[in-house]
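The values are calculated or read from the model by the stated rules, or taken from the named source; none is laboratory data. Model, not experiment: these values are computed from the prediction. As a convention, Cβ positions derive from the backbone with ideal geometry for all residues, glycine included, and neighbour counts pool all protein chains shown. Just the protein is used for accessible areas: all its heavy atoms, side chains included, with ligands, DNA and RNA removed. Shrake-Rupley method; radii C 1.70, N 1.55, O 1.52, S 1.80 Å.
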Amino acid sequence: ARKTFDITLDVNVRAPGIESPVRVCRTNYKHLYWTVEQMITHHSVTGCPMRAGDLIASGTVSGPEPESFASMLELAWRGTKPIQLGGENGERKFLHDLDEVIITGFAEKGDLRIGFGECRGIVLPAST
């Protein structure tokens, strides 16, 4: 059996001027192509040292169903199926300047649920 973690991940996007964020994705960490062990091996195989506190980036965590796709390219089906965030300017094929992305995650088993809080970020305009 694959060694992986069963962590539900939700991604919400809030467009400027829209009161409530809209969930655009619910996926699960167990859908990763590479296991954590494989990612660490890949990182360290050339002699790169690993230290306590190092972060390992998993990349996109897309699932098998359309609602579990985890990139805007997949979610908007290469721009042919825009995401609706509400409001006059709430249609998205990709993220726009000042859009807020909110990621939350939790793991649960039986009656026990452990949440990981939320990670928020706002897409800032490119500096010129």
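A few notes on this one:
- Taking label positions 7 Å along the Cα-Cβ direction at both HIS42 and TRP77, the computed distance is 2.9 nm, reported to one decimal.
- Listed candidates (1) 50, 46, 28; (2) 38, 30, 28; (3) 48, 34, 29 - label of the one calculated as Cα extents along the principal axes in Å: (1)
- Mean Cβ count within 10 Å, highest first, over the residues of peptides 57-67, 117-127: 57-67, 117-127
- Using θ = phi - 60° and Karplus 6.51 cos²θ - 1.76 cosθ + 1.60, couplings along the range 64-81 (whole Hz; Gly, Pro as x): x, 9, x, 6, 9, 5, 10, 10, 4, 4, 6, 4, 8, 6, 6, x, 8, 10
- Charge tally in the Cβ shell below 12 Å around CYS119, where Lys, Arg are +1 and Asp, Glu are -1, CYS119 excluded: -2
- Spin-label model, PHE94 to LYS30: label points 7 Å out along the Cα-to-beta-carbon direction sit 3.4 nm apart.
- As a fraction of the 1.4 Å probe accessible area of the chain, surface on carbon and sulfur atoms comes out at 56 percent.
- The lysines whose alpha-carbon is closer than 17 Å to the alpha-carbon of LYS30, local same-chain residues fewer than 8 away aside, are LYS3, LYS109.
- The range 39-128: chymotrypsin sites (Phe, Trp or Tyr not before Pro) falling in loop per DSSP and having at most 14 other Cβ within 10 Å: TRP77, PHE94
- Candidate aspartates and glutamates - alpha carbon under 14 Å from LYS93, same-chain residues fewer than 8 apart omitted: GLU74
- Unit charges at the beta carbon, dipole of the chain: most positive-side option, SER127, TYR33, ALA57: TYR33
- Accessible solvent surface per residue of the chain, calculated while the other protein chains remain in place, 1.4 angstrom probe, Å²: 73 Å²
- The range 40-68 and the range 72-89: distance between their alpha carbon centers, rounded to Å: 27 Å
- Average Cα contact separation per residue, the chain, under 8 Å, 6 or more apart, as relative contact order %: 27 percent
- Directionally averaged shadow of the range 57-128, computed from the convex hull of its alpha-carbon atoms, nm²: 7.4 nm²
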